[in-house]
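The values are calculated or read from the model by the stated rules, or taken from the named source; none is laboratory data. What you see is a predicted model; the values in this text were computed from it and never measured. Note: ideal-geometry Cβ built from the backbone for every residue, glycine included; neighbour counts use all protein chains shown.
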Amino acid sequence: MPPEAGVLSTRVATLADAARTLAADPPRARQMGKEARAHAAERYGLTRFLRDWRRTLQEVTR
């Protein structure tokens, strides 16, 4: 995940600090949410799925 899209960690303290920081800065939290959504749509969205599926079908039918 790109840093501008949020905080990713297995450390509870890191996540708690990030939550406090974002709660104190709603505009930044909104922007990070937009970035995270765009990243998820690009990586896991229907457009990507269909592109990958089409490529897979082409590979197995050659």
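May I ask you to list the residues in the range 22-62 that are modelled with pLDDT of 95 or more and of a type in the set (S, T, N, Q)?
31, 56, 58
Checking the conditions here, which among 5, 19 is modelled with pLDDT of 95 or more and small (Gly, Ala, Ser)?
Residue meeting the stated conditions: 19.
Could you list all residues from the range 9-21 that are within 18 Å of residue 37 (Cβ to Cβ) and loosely packed, with under 12 Cβ neighbours inside 10 Å?
Selection gives nothing.
Condition first: among the hydrophobic types (A, V, I, L, M, F, W, C) and either touching a residue at least 24 places away in the same chain (Cβ under 8 Å) or within 12 Å of residue 6 (Cβ to Cβ) (or both). Now tell me which residues in the range 23-62 satisfy that.
29, 32, 36, 38, 40
Taking the range 24-62 as the region of interest, how many residues are in a helix (DSSP H, G or I), exposed (fewer than 12 other Cβ atoms within 10 Å of the Cβ) and of a type outside the set (Lys, Arg)?
15
Quick one: which residue in 60, 12, 7 is in contact with a helix residue (DSSP H, G or I) (Cβ under 8 Å, 6 or more places away or on another chain) and among the β-branched types (Val, Ile, Thr)? Break it down into steps so the answer makes sense when it comes.
Details: 60 fails: in contact with a helix residue (DSSP H, G or I) (Cβ under 8 Å, 6 or more places away or on another chain); 12 fails: in contact with a helix residue (DSSP H, G or I) (Cβ under 8 Å, 6 or more places away or on another chain).
Sole residue among the options that is in contact with a helix residue (DSSP H, G or I) (Cβ under 8 Å, 6 or more places away or on another chain) and among the β-branched types (Val, Ile, Thr): 7.
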